[in-house]
Each structure stands twice: as C-alpha cells, then as structure tokens.
Amino acid sequence: MHEPKLDSIREHVADRFQELADIDTHFRLNTAAAIEDLISQTSPGWDIARATAALVLTDSTDGYWARTAKIVRGYDKPTEGAAKDPEADHLTVKAIIDGLSFRARIRNENHTAVWLSQLSHRSDTRNNRMDENRATIASHPDLDQRELRASTLNKAKMVCQVIGGVALTSPLYDKKLPRVAGIGFIQFGTWLGEVGEKKFRKKVNKLIASESVEPTCPKPKHLKNR
C-alpha cells in the first residue's frame, strides 16, 4: 500500500541528486572561459592552480551525483546536464590549454606556446569526431547503450590532461623539469583521447553493422560459427 509513496520519495531524492550533477556540469560550461582568461592573464601561482583544480573537481562530483541518482532511482534517466557533460569536459580542458598557450606567448615562450596550440588543435579535432560519433549513435536508437559507455582510455585522457594543466598553472611552471613533465602529461592525455576516439568509433561502426545484418530468423546450424 505504501509502495507508490516510497517510489515517489525515491524519485524525488534521485531528482535532487541529479540536479546537483547538472549544476556541476553547467558550472564547468559557464566558467571555462573565465578560467582561460585567468590563466592567460596571471603568472603561475598556487591560487590559480587551486582555482583550476576546483573547476576540474566538478568533473568528478557531477559523476558521483549522477551515479547516486541512478542507484536511488533504480534506472538511468537522461538529462540535459548528462548530454552536455562531454562538451563541459572538452571546454574545461581546452580553456586550461588555451590559457597556458596565450600566457606563454605573452612571456615570449614561443616554443611552449606553439606546442600547446598544437595540442589544443588536436583536442578540438578529437572532440569534433566524438560529436560525429554521438550523432551517429543518435540516428540509431536501437544500439545497446551499455556497449557505448565511456572507455577507460577516455577517462585516463581527462586525468592526464588535468594533472598537466594544473601543474602548469602552479609555480612549478617556472622550473624546467616540471614544466616539461606537465606538457608531457597533456600530450599523453591528448594521445589517449585520440586512441580512445578511434576505438569508440570502431565499436559504434561494429554495432551498426551487426544491427543491419541481424537475421530475422535463426541461422542454420552450419552457419552459426561463421
């Protein structure tokens, strides 16, 4: 008798958790440009490093709130924030890299500026391809979404880029070895993202191909292993 009321309470609690996740996602979307300006116009320091780390932290917290909402609700509910999460991740990383590149140009560190600009361009290219992959998925609603979850490579990509970016916003930037290491982390993360995108696209194409050739009746025994 009380099940409908319990379900209503559960749904209400889950919605509140989901709202927290969406707030974190929109926070990254709306503050990425400000972080880029802050990094580009200030010298390396722990304050700017902490501000950058705080922005990036919302990438973890929105995932935590979303997972909690799913557990409480018992099923996954698509939201606007969840749809915008990949864009928020990309804009956050791009803001950090572009801010660092612009600051390097101001400091006449041309080699560093060019290197970071190239990484930013590669990140943009990878993001455009991911958008194409998502558009392909959207045009095939029958695909098994469980097979299309974010890969470990794409998660590691974000972690490496963020570690490198935060290190380069700190006073460690003024020391050659940490600076080279920070750029190396960003480069490695960018490479992981490119590899992850290729594997993701391959998986999407494979699922589409298997969907299009799926037989309407069982295969004969002599064809089952083909």
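Here are a few things to note about the model shown:
- Residue in the range 71-111 that is surrounded by the fewest Cβ atoms within 10 Å (Cβ to Cβ), counting only those that are touching a residue at least 60 places away in the same chain (Cβ under 8 Å), over 21 Å from Ala33 (Cα atoms) and not small (Gly, Ala, Ser): Lys77
- Extreme residue, farthest from Asn128 (Cα to Cα), among residues of the range 162-180 that are of a type in the set (A, V, I, L, M) and surrounded by 16 or more Cβ atoms within 10 Å (Cβ to Cβ): Leu172
- Scanning the range 3-34 for residues that are among the polar types (S, T, N, Q) and closer than 30 Å to Val56 by Cβ, we see that the one that is surrounded by the most Cβ atoms within 10 Å (Cβ to Cβ) is Thr25.
- For the residues Gln187, Gln161, Gln145, the requirement of being at pLDDT below 80 and not hydroxyl-bearing (Ser, Thr, Tyr) singles out Gln145.
- The test for being assigned to a helix (DSSP H, G or I), hydroxyl-bearing (Ser, Thr, Tyr) and within 28 Å of Asp15 (Cα to Cα) holds for Thr58.
- Residue within the range 141-161 that is closer than 22 Å to Ile35 by Cα, of a type outside the set (A, V, I, L, M, F, W, C) and buried (at least 17 other Cβ atoms within 10 Å of the Cβ) present: yes
- For Asp47, the conditions (1) more than 21 Å from the chain's Cα centre (by Cα); (2) more than 30 Å from Phe102 (Cβ to Cβ); (3) assigned to a helix (DSSP H, G or I) are fulfilled apart from (2).
The values are calculated or read from the model by the stated rules, or taken from the named source; none is laboratory data. Keep in mind it's a predicted model, so treat the numbers as computed, not measured. Every residue, glycine among them, receives a Cβ derived from its backbone with ideal geometry; neighbour counts consider all protein chains shown.
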